[in-house]
Structures are given as C-alpha cells and as structure tokens.
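The values are calculated or read from the model by the stated rules, or taken from the named source; none is laboratory data. Keep in mind that this is a model prediction, so the values were computed, not measured. With ideal geometry, Cβ positions are generated from the backbone for all residues, glycine too; neighbour counts draw on all protein chains shown.
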Amino acid sequence: MANKRSRRSWLKHMTAGMAGILTAKQLTGRQYYDEEKEIIFNPQKAAIAPRDTIKITKLEIIPVNTMRTVFIKLHTDAGITGIGEGTVEGRIPTTVAAIGELEEYLIGKDPRRPAHHWQAMYRHAFYRGGIILTSALSAVDIAMWDIKGKALGVPIYELLGGPTRDRIRVYGQAGDPEGAKQVISEGYTSMKVSATYSRGRLSRIVENPDFIQGMVENVSAIREVIGPKVDMGIELHGDHSPQTSMLLIKALEPFQPWFYEEPIQFQNLPLMAEMAKKTHIPFATGERMVTKWQFRDLLSLGAASLLQPDITHCGGITEMKAIATLAEAFYASMLPHAKEGIVGAVASLHVAASIPNLLAHELPSLQAAPDDGVKRSALGKSYIKKPLVMGNDGHITLAGNIDGPGLGIELDDDLIENERGVKEWEFPEMWDSFDGSVLDH
C-alpha cells in the first residue's frame, strides 16, 4: 500500500490546494479576495486598501422639498462619502431631528461596521423607539453600507453574500384602466391597483352592494385592459374596516389577484391572521412595520405570507436582510415596498439581489411618480444622475444598473440643491363624507 497516500498526506495535499484557491486574487468575474483580512475586495475599484483606517467626520442631512424624502451624506477622513435615506412621510422635521441625534455617536467611528453600529444605536436607546428612530437608523445604515462597498470596490449585494439572481422583477402601480395601460407600455409585467375609493368616496364600516360593485367594476376594467398574463395585486391600503375589507376580498377573488396588500391596519395582527384563513389569495403587508421583532409576530401568527418592509423605515440594509432571512424560515416571500425615494429604492434592490425568497420589488412607474415637483421614479429624471433601466420583460438587471461600488448610484447634487427644504404635510385628511368622522389611510 506504499503507493497510496496516508490520510495525513491526503489532508495536507487538500489543504495546500485550498490555500491556492483562497490566495488567488480574483475569485470570480465579479469579486476579489484579500487573503489577510478574508474579505471581498476589488483593487481596481476600491477607494482605499482594506487595512487602511477610515473614520466618519460629518453627518450631512438633506431634506428635499417633498413630503417623503430625506437624504443624508456620511463624510469620512478617507474622502469617501456614503449616501443614505430615511423617511417618515408627514413627519419630516421629526425625522431630521432624530437623524441629527445620531451624529454624536457616529463621529470618529469606522463606517465599515454597519451591523455593530446598528446594534449600538438601537439598543443604547433605553426606549428603543419606533418608526422615527428606525427611519433615522435606516438612513445612516444605508450610508455606511455605501461607504463599505466603495471602500472595497464592490457592490453592496456582494457584501451580503453575493447575488442570488441576475435580474429583479419590479412592479408598477395604477388606479384605473388608463393608468394600467401606461404601466404596461413602460414594460412592466406586474402591477398593483388601488382599491381605496369607490363611487368617489372612502368606505364605511360595513358597505352596501353599490360601493362593492363600484370597486369590482374598476378592477374588472383594469383586468380587461392588462389581460390574464399580467400579475395584478390589489392595494387595500389599510383604508377599510375588517368588515368591508372582507366583503371586497371575496368580491375581487374571481379576478385572481396576485395579493391583497394591507387588508387592514397592522396593529391587529391576530385579526389579520383570521382574515387570511378565509381566502386563498395571499396577504401582503409590512410597509409601516419596523425591525425583525415586529415581523416575527406577523409571521408567527400567519397574518401574511408576503412581507413588504420599506428599507427607509424598517432599519436599513442590515435589518431588511435579517427580516428576509426570518421570512425564509416561515416559507414567506419578500415583496419590498419602495415608494419613498430613490436612494432607498436602490438600497432595497441590493438586498433583493442577495436573498432567495424574493417575489418582486416595487419600483414606481413614471406615470405614478410625478409629484412634489420632480419624478420620484428611479426609471426617469430624478435625484440620481443615471436613471435605472428596466427591460421590456419588467425586470431590472444588476449589470449596468446597481453593479458599481457601494450603492452604484450618484446623487444629482445640483438638482437636490434647488430642491432643498422641508415641505409641510399635504396628504389629504380623511373624513367620512356622511358624518364627518375620521377615517384611516
């Protein structure tokens, strides 16, 4: 048996072979490996060497003159600037103040440790905080991931485990047949349609047949326009009482909706879970929910099987990745919400690129975007210099869109400078047209 290797020599041979693989500078066509720090690293695009020090020197908060958008820039002593976004629409001044309170902690810190800093900023607050704090955290978390990617010369999705797909399906939004035609003409193969108003008004606690029929007629007309091959979700938006929502859910089932979004407000998850058992159409919710802990409760109860965290609210890239991993254990899929702003949408696309359980990703269509004086869609003229490009198959490819270092986008500072400012909340107040009482939205 002298010609056979001993187990020890075989292991030695294999170890040497593996070492040869791991010390190779280029692992794949996309990424590089630094054998000393064991990190993904692209020397051709990296802003600094992996072992160079880097510290945050300034937090710049940039509220834009919309009711939705607050950008930030994290400046460093290495000359790398990260961009982020954290927004609570209608609460912009409060959000700006919350972001500003994080500056004292951030100054002097190494931004390449976003997960550690997330824990510190969230857990060191005795009361932890709700959507205001997590939206502030979202902004700085996204910016730190942007810095880390730029420092190493790789896109963020590479740092999250690498891409699980080459392209991401995105969906638009419409409220009527004409809007649906426009969405289809832009290249979308999926959309969600609003089911908030019927007969020109919002719903009451228990609705009459005429109101329900008005909703059915609108959805039917949209389905007629888009045909049976386009996926069509129904946006209920938490606007209806459980009683009326259930009437609508049953009445709209024949159109085979892709999902029902926010059938009721998320504060009563046990009730939502009971409603979910009464239909074969999946429920989607989560745009107003934050952190893995709130989503844990939703999943444990079975209230929804499609999760819609908004990366500008839920806690940023760090937390959205955790939510996706948690969802996978429950066989739930991700359907990220992304209507707040451009930076948040792109950050969310990076997470979507790295997870296995993605159904699709919201990305506002051009026809749905023109408000607040500038288009918010990443597909058109917006706050980023190079808009994203969607193929006629309703997908965004990673290559050519978000494959640059960090987020892979650059803000249009000239446009933003002209748009700076805090815009007052202008969303319409919701009153019952019959008795003047307050309604949900």
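The set of residues in region 177-216 being of a type in the set (S, T, N, Q), assigned to a loop (DSSP other than H, G, I, E, B) and surrounded by fewer than 15 Cβ atoms within 10 Å (Cβ to Cβ) consists of Asn208 alone.
Results for (1) at pLDDT 95 or above; (2) buried (at least 24 other Cβ atoms within 10 Å of the Cβ); (3) assigned to a loop (DSSP other than H, G, I, E, B); (4) not hydrophobic (A, V, I, L, M, F, W, C), shown as yes or no for each residue.
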position: His313; (1), (2), (3), (4): yes, yes, yes, yes
position: Glu319; (1), (2), (3), (4): yes, yes, no, yes
position: Leu326; (1), (2), (3), (4): yes, no, no, no
position: His350; (1), (2), (3), (4): yes, yes, no, yes
position: Pro356; (1), (2), (3), (4): yes, no, yes, yes
position: Gly380; (1), (2), (3), (4): no, no, yes, yes
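Does Thr318 fit the bill of being in contact (Cβ under 8 Å) with a residue 60 or more places away in the chain, under 23 Å from His441 (Cβ atoms) and touching a helix residue (DSSP H, G or I) at 6+ places or on another chain (Cβ under 8 Å)? Spelling it out, it is not the case that Thr318 is in contact (Cβ under 8 Å) with a residue 60 or more places away in the chain, under 23 Å from His441 (Cβ atoms) and touching a helix residue (DSSP H, G or I) at 6+ places or on another chain (Cβ under 8 Å). Of the residues in region 246-253, none is more than 20 Å from the chain's Cα centre (by Cα) and free of Cβ contacts under 8 Å to residues at least 24 places away in the same chain. Just so you know, in region 104-119 the residues that are in contact (Cβ under 8 Å) with a residue 40 or more places away in the chain and not in a loop (DSSP other than H, G, I, E, B) include one that is farthest from Gly315 (Cα to Cα), and it is Leu106.
As a summary of the residue check, Pro228 satisfies the conditions (1) surrounded by fewer than 23 Cβ atoms within 10 Å (Cβ to Cβ); (2) of a type outside the set (Phe, Trp, Tyr); (3) in contact (Cβ under 8 Å) with a residue 40 or more places away in the chain except for the one numbered (3). With the checklist (1) in contact with a Lys or Arg (Cβ under 9 Å, 6 or more places away or on another chain); (2) at pLDDT below 95; (3) not in a loop (DSSP other than H, G, I, E, B) in hand, flag the one item Glu89 doesn't pass. All conditions pass for Glu89, except number (3). Residues that are among the small types (Gly, Ala, Ser) and touching a Gly at 6+ places or on another chain (Cβ under 6 Å): does region 261-279 have at least one? So far as region 261-279 goes, yes, one or more of its residues are among the small types (Gly, Ala, Ser) and touching a Gly at 6+ places or on another chain (Cβ under 6 Å). Out of all the residues in region 407-424, is one or more more than 23 Å from Thr189 (Cα to Cα), exposed (fewer than 14 other Cβ atoms within 10 Å of the Cβ), modelled with pLDDT of 85 or more and aliphatic (A, V, I, L, M)? No, every residue in region 407-424 fails to be more than 23 Å from Thr189 (Cα to Cα), exposed (fewer than 14 other Cβ atoms within 10 Å of the Cβ), modelled with pLDDT of 85 or more and aliphatic (A, V, I, L, M). Looking for something surrounded by fewer than 21 Cβ atoms within 10 Å (Cβ to Cβ) and not basic (Lys, Arg) - is there at least one such residue anywhere in region 132-149? Looking through region 132-149, at least one residue is surrounded by fewer than 21 Cβ atoms within 10 Å (Cβ to Cβ) and not basic (Lys, Arg). Does any residue in region 257-276 that is over 15 Å from Leu299 (Cα atoms) come within less than 7 Å, Cβ to Cβ, of a residue that is part of a loop (DSSP other than H, G, I, E, B) and acidic (Asp, Glu) six or more places away or on a different chain, and which pairs are these? What qualifies is Gln265/Asp440.
Can you find, within region 256-303, the residue that is surrounded by the fewest Cβ atoms within 10 Å (Cβ to Cβ) among those that are polar (S, T, N, Q) and assigned to a loop (DSSP other than H, G, I, E, B)? Only one residue fits best here, namely Gln267. The residues in region 120-159 that are assigned to a helix (DSSP H, G or I) and over 20 Å from the mean Cα position of the chain (by Cα) can be counted, and the count is 6. Cβ-Cβ contacts under 8 Å between residues 6 or more apart (or on different chains), taken from a first residue in region 193-213 that is over 23 Å from Val230 (Cα atoms) and in contact (Cβ under 8 Å) with a residue 24 or more places away in the chain to a second residue that is small (Gly, Ala, Ser) and exposed (fewer than 15 other Cβ atoms within 10 Å of the Cβ), are listed as Arg201/Ser433; Leu202/Ser433. Every listed requirement among (1) without any contact (Cβ under 8 Å) to a residue 40 or more places away in the chain; (2) outside any helix (DSSP H, G or I); (3) touching a strand residue (DSSP E or B) at 6+ places or on another chain (Cβ under 7 Å) is met by Tyr331 save one, (3).
Against the list (1) farther than 19 Å from Ile205 by Cα; (2) crowded, with 21+ Cβ neighbours inside 10 Å; (3) not aliphatic (A, V, I, L, M), the condition Glu253 fails is (2). Going by the structure shown, is Pro364 out of contact with any helix residue (DSSP H, G or I) (no Cβ under 6 Å at 6 or more places or on another chain), buried (at least 21 other Cβ atoms within 10 Å of the Cβ) and modelled with pLDDT under 95? So Pro364 passes the test.
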